[in-house]
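What follows is a single structure, written as structure tokens, with notes after it.
The values are calculated or read from the model by the stated rules, or taken from the named source; none is laboratory data. Keep in mind the model is a prediction, meaning the values are calculated, not measured. Please note: Cβ atoms are built from the backbone with ideal geometry, for glycine as well, and neighbour counts cover all protein chains shown.
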Amino acid sequence: MALSSAPASAGRQRLLLATLTDGKRECHALEAAPVKGLSLDTPPGTKLHVTRAPVLHGVLLLGRRPALVPARGAARRTRG
């Protein structure tokens, strides 16, 4: 997962764009509303399970509905 963000100034929301991949295919996801646990500090390779995310013009919209849940065993696999 690669993340980029437009800077957030005082009192303004950020615009977070993520590139998600399953190792073969790639898609883009936009944080439409704050998603707990997703930030610029989220390390590449973090496992995510995206469910019921709406798609607009080919981009996944994250945060409007429950869209992210931790992948099973992800914490175990990503620890040093």
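Here are a few things to note about the model shown:
- Of the strands (runs of 3 or more DSSP E) entirely within the chain, those holding at least 2 residues that are modelled with pLDDT of 65 or more occupy 15-21, 26-31, 48-50, 59-62.
- Within the stretch 38-57, restricting attention to residues that are under 19 Å from R14 (Cβ atoms) and of a type in the set (A, V, I, L, M), the residue that is nearest to the chain's Cα centre (by Cα) is L38.
- Near pairs, Cβ below 6 angstrom, 6+ apart or cross-chain, from the stretch 30-50 (among the β-branched types (V, I, T)) to any residue that is part of a loop (DSSP other than H, G, I, E, B): V35/G63; T46/M1; V50/A67
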